[in-house]
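J.: Here it is, the structure in full.
The values are calculated or read from the model by the stated rules, or taken from the named source; none is laboratory data. Note that this is a predicted model, so its numbers are computed, not measured. Positions of Cβ are generated from backbone atoms using ideal geometry, with glycine treated the same way; all protein chains shown enter the neighbour counts.
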Amino acid sequence: MFEKITIQLLNECHEESSGSLQCLPYSRALIDALTCLGKNAYPLVIRGVVFGRQEDSSIYRKVGVQGLVQTALNAPSANGWLDVRVDDAGQTKTVRFHYRTIGLPDKRGEGDETLGNYDGEGKWLGHLAVIVDDNLIDPTIGQLNDDRSGICFNPPAVTAPVTEAFLTGSQPLVFIVDGMLVAYFSYPDEQTHKRSRSWTDADFRAQLKAIGERTAAPFDGKPETELHAEA
């Protein structure tokens, strides 16, 4: 859902951002675009982990998704790999799961890791996505793309249906896309993203609104199905 308008946003933002994926302005511009089309969209702070592509995605079920995700999140490194013993058709083998996290500090145990804080370089400690019609749109998950980890989102965005349990922060959102396992955790009470330039700087807001308007323009007056890719 909403794949086509997300791709349109990526095209509109590409030149403005010199190809750099930035969750705060991209999400803000996408909300502006959806608002232009009469959709009730809002931002949601998330943190997540993505595991690199496995040729047989059923391997995730064999090792236990929940345990795999929690082990990665609790690991001493924000990005790395896990070697897990797996029983596959009666054969025991070791499978390496590369993973990268998003919205988490690059180093654990150093400095203030409080969600929403800004570090010394002004980087916001969190990740922002957009919720619309019970769907999550993450227009910048491609920040994690890394051939060494087997992570490649092309286009560099994902969309997925959400549940009330996820939106309230009581359950993660977990899904598999192109052999990659994605797990998001939501923080509905976290609002520090609104202190960013994407929300507070008048000139920058005007630029993002203009991007949103250009993104929405091709879909204006057309059936809502035009916003989505065919299943």
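Conditions (1) in a helix (DSSP H, G or I); (2) modelled with pLDDT of 95 or more; (3) crowded, with 17+ Cβ neighbours inside 10 Å; (4) out of contact with any strand residue (DSSP E or B) (no Cβ under 9 Å at 6 or more places or on another chain), marked per residue:
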site: TYR26; (1), (2), (3), (4): yes, yes, yes, no
site: LEU30; (1), (2), (3), (4): yes, yes, yes, no
site: GLY38; (1), (2), (3), (4): no, yes, no, yes
site: ASP56; (1), (2), (3), (4): no, no, no, no
site: ARG61; (1), (2), (3), (4): yes, no, no, yes
site: VAL69; (1), (2), (3), (4): yes, no, yes, no
site: GLY80; (1), (2), (3), (4): no, no, no, no
site: ASP83; (1), (2), (3), (4): no, no, no, no
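J.: Can you tell me which residue within region 85-103, out of those that are exposed (fewer than 14 other Cβ atoms within 10 Å of the Cβ) and of a type in the set (S, T, N, Q), is farthest from LEU125 (Cα to Cα)?
T.: Looking at residues that are exposed (fewer than 14 other Cβ atoms within 10 Å of the Cβ) and of a type in the set (S, T, N, Q), I get GLN91.
J.: Let me ask another. Return yes or no: is VAL50 outside any strand (DSSP E or B), under 30 Å from VAL132 (Cβ atoms) and of a type in the set (Val, Ile, Thr)?
T.: Values: outside any strand (DSSP E or B): no; under 30 Å from VAL132 (Cβ atoms): yes; of a type in the set (Val, Ile, Thr): yes.
Spelling it out, it is not the case that VAL50 is outside any strand (DSSP E or B), under 30 Å from VAL132 (Cβ atoms) and of a type in the set (Val, Ile, Thr).
J.: Which residues, counting only those in region 85-103, are outside any strand (DSSP E or B) and at pLDDT below 85?
T.: Of everything in region 85-103, those that are outside any strand (DSSP E or B) and at pLDDT below 85 turn out to be ALA89, GLY90.
J.: For region 139-178, give me each residue that is acidic (Asp, Glu) and without any contact (Cβ under 8 Å) to a residue 24 or more places away in the chain.
T.: Matches in region 139-178: ASP147, GLU164.
J.: Right, something else. Starting from residues that are hydrophobic (A, V, I, L, M, F, W, C) and at pLDDT below 95, keep the ones in region 3-22 and report whichever is surrounded by the fewest Cβ atoms within 10 Å (Cβ to Cβ).
T.: Among them, the one singled out is LEU21.
J.: Restricting to region 156-199, and then to whatever is in a strand (DSSP E or B) and not aliphatic (A, V, I, L, M), can you tell me which residue is surrounded by the fewest Cβ atoms within 10 Å (Cβ to Cβ)?
T.: If we take residues in region 156-199 being in a strand (DSSP E or B) and not aliphatic (A, V, I, L, M), then PRO161 is surrounded by the fewest Cβ atoms within 10 Å (Cβ to Cβ).
J.: Checking the condition within 13 Å of the chain's Cα centre (by Cα) and among the charged types (D, E, K, R), which residue from ASP138, ASP133 passes?
T.: On inspection, the qualifying residue turns out to be ASP138.
J.: Name, by its number, the condition in (1) in contact with a Phe, Trp or Tyr (Cβ under 8 Å, 6 or more places away or on another chain); (2) closer than 17 Å to ALA160 by Cβ; (3) of a type in the set (S, T, N, Q) that does not hold for ASN79.
T.: (2)
J.: Being at pLDDT below 95 and not in a strand (DSSP E or B): is that true of THR225 here? Before the answer, list the steps.
T.: Details: at pLDDT below 95: yes; not in a strand (DSSP E or B): yes.
In short, yes.
J.: In addition: Quick one: in region 104-145, which of the residues that are among the charged types (D, E, K, R) and at pLDDT 95 or above is surrounded by the fewest Cβ atoms within 10 Å (Cβ to Cβ)?
T.: ASP134
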